Amino acid sequence: MSSTELPDAPAMTTVLPKVSPVRVAEGEELRSVSLPGITLTVRSRKPAREGLPPALHVHGLGGSSQNWSALMPLLDDVLDSEAVDLPGFGDSPPPDDGNYSITAHARAVIRHLDASGRGPVHLFGNSMGGAIATRVAAARPDLVRTLTLVSPALPELRVQRSAVPTGLLAVPGVAALFTRYTRQWTAEQRVRGIMALCYGDPDRVTEDGFRHAVEEMERRMRLPYMWDAMARSTRGEPSAFSGCGARGAGHADIDYPCRVLHNHACRSRAGRRALPPRGGGAPSTPSEEHASEQQQR
């Protein structure tokens with residue numbers, strides 16, 4: 001059994017409700033990829049020319065591949081980009097075994113890369129996606145060229161205040177309580193709260209970007225598994241690192257060039273243990289222009 005495989009679990013029958021289709025930006029394509037135990041939706045763009053190195057973008061908690069729609073066009077001339085909807089998020093249905101741990105998400109990414117034959121890739125990860133990306137890099141170094149981590153949800157010696165609300169969702173019963181408490185909240189109210197929590201400068205979000213985020217939230221709120229995926233994924237983050245020191249299990253030795261972005265600051269590291277000095281479950285997202293500029297350096 002590989003380091004990313006888990007013991008067999010009973011299969012779950014998933015009946016998906018009918019909801020509005022996900023947004024596809026100009027120049028993007030969506031495809032569904034069936035893999036053992038999971039079905040993934042993958043968002044891609046046609047690169048500016050053939051032969052560009054491949055990249056894979058992994059979203060954070062409660063996000064989707066749409067989170068990368070503004071960045072990927074800025075990299076069209078340097079990367080052949082794809083973004084994945086993790087199981088239970090975006091347009092991907094829940095995993096058959098109901099496992100939303102960091103290891104399970106990393107396993108989904110690994111299975112996609114193995115099946116597509118695109119590796120090694122330039123691997124991007126935001127928030128929880130950053131933790132997943134480092135787990136993929138540690139487990140399967142043959143699949144990764146470089147790591148670009150945007151406010152990765154990795155262990156901190158000093159917990160940020162902004163990470164506390166997200167972390168509370170991992171406590172049993174809190175997700176259900178929060179769902180009841182916020183039942184009357186509109187999709188717009190939820191999106192404004194998320195942007196205030198996650199963006200270093202929420203005013204950088206365009207009107208179209210905000211509208212698209214509200215539309216996606218409305219779609220997500222119709223899915224019966226939304227909060228289950230959120231709560232179980234959140235619970236999987238601390239359990240992935242507990243008892244493993246500051247770096248966490250499976251993250252101690254990563255021999256890649258690694259770029260870490262927090263707010264408008266960027267830290268570049270190369271060589272062994274290319275890990276950020278701090279992380280957090282609630283990211284402060286840098287602008288797409290800044291992320292693009294840093295990746296192209």
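The values are calculated or read from the model by the stated rules, or taken from the named source; none is laboratory data. Keep in mind that what you see is a predicted model, and the values were worked out from it rather than measured. With ideal geometry, Cβ positions are generated from the backbone for all residues, glycine too; neighbour counts draw on all protein chains shown. SASA here: full protein model, heavy atoms, side chains in, ligands and nucleic acids out. Shrake-Rupley method; radii C 1.70, N 1.55, O 1.52, S 1.80 Å.
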Item to check | Test: R111 is out of contact with any Cys (no Cβ under 7 Å at 6 or more places or on another chain), part of a helix (DSSP H, G or I) and under 30 Å from R204 (Cβ atoms) | outcome: no
Next on the checklist: Return the pair list, or none, for Cβ contacts closer than 7 Å from residues in segment 179-200 that are farther than 18 Å from R219 by Cβ to residues that are modelled with pLDDT under 90 and open to solvent by 80 Å² or more (accessible area, probe 1.4 Å), at least 6 apart or on different chains.
Outcome noted: G200/H264
Checklist entry - With respect to A70, is the statement that it is open to solvent by less than 10 Å² (accessible area, probe 1.4 Å) and hydrophobic (A, V, I, L, M, F, W, C) true? => result no
Checklist entry - Would a scan of segment 46-53 turn up a residue that is under 18 Å from the mean Cα position of the chain (by Cα) and either among the hydrophobic types (A, V, I, L, M, F, W, C) or assigned to a loop (DSSP other than H, G, I, E, B) (or both)? => result no
Item to check | Single match in R23, R31 (criterion: open to solvent by 50 Å² or more (accessible area, probe 1.4 Å), more than 21 Å from D97 (Cα to Cα), basic (K, R) and modelled with pLDDT of 95 or more) | outcome: R31
Next on the checklist: I'd like to check something: does segment 187-201 contain any residue that is modelled with pLDDT of 55 or more, assigned to a loop (DSSP other than H, G, I, E, B) and not β-branched (V, I, T)?
Outcome noted: yes
Checklist entry - Just for segment 42-61: of the residues that are surrounded by fewer than 21 Cβ atoms within 10 Å (Cβ to Cβ) and either among the aliphatic types (A, V, I, L, M) or at pLDDT 95 or above (or both), which one is farthest from L149 (Cα to Cα)? => result A48
Checklist entry - Looking at segment 190-206, which of its residues are open to solvent by 50 Å² or more (accessible area, probe 1.4 Å), more than 20 Å from P152 (Cβ to Cβ) and of a type outside the set (D, E, K, R)? => result A196, P202, T206
Item to check | Residue under evaluation R158, criteria (1) open to solvent by 30 Å² or more (accessible area, probe 1.4 Å); (2) of a type in the set (D, E, K, R); (3) modelled with pLDDT of 75 or more, criterion not met | outcome: (3)
Item to check | Meets criteria (farther than 20 Å from I194 by Cβ, free of Cβ contacts under 8 Å to residues at least 24 places away in the same chain and in a loop (DSSP other than H, G, I, E, B)) for G98 | outcome: no
Checklist entry - Which condition breaks for D91 when tested against (1) part of a loop (DSSP other than H, G, I, E, B); (2) farther than 25 Å from A213 by Cα? => result (2)
Checklist entry - Which of the residues that make up segment 73-93 are open to solvent by 20 Å² or more (accessible area, probe 1.4 Å) and closer than 20 Å to R235 by Cα? => result P93
Checklist entry - Quick check: anything in segment 213-222 open to solvent by less than 80 Å² (accessible area, probe 1.4 Å), under 19 Å from N126 (Cβ atoms) and either of a type in the set (D, E) or touching a Leu at 6+ places or on another chain (Cβ under 6 Å) (or both)? => result yes
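This table checks each residue for (1) at pLDDT below 85; (2) under 19 Å from T103 (Cα atoms); (3) not hydroxyl-bearing (S, T, Y).
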position: P172; (1), (2), (3): yes, no, yes
position: L177; (1), (2), (3): yes, no, yes
position: T182; (1), (2), (3): yes, no, no
position: D203; (1), (2), (3): no, no, yes
position: R219; (1), (2), (3): no, no, yes
Item to check | Out of S64, S101, sole residue that is open to solvent by less than 20 Å² (accessible area, probe 1.4 Å) and among the polar types (S, T, N, Q) | outcome: S64
Checklist outcome for this item: D114 vs (1) farther than 23 Å from C198 by Cα; (2) modelled with pLDDT under 95; (3) of a type in the set (D, E): all pass except (2)
Checklist outcome for this item: Cβ pairs under 8 Å, 6+ apart or interchain, first in segment 104-127 and closer than 28 Å to R235 by Cβ and without any contact (Cβ under 8 Å) to a residue 12 or more places away in the chain, second open to solvent by 10 Å² or more (accessible area, probe 1.4 Å) and assigned to a strand (DSSP E or B), ordered by first then second residue, are none
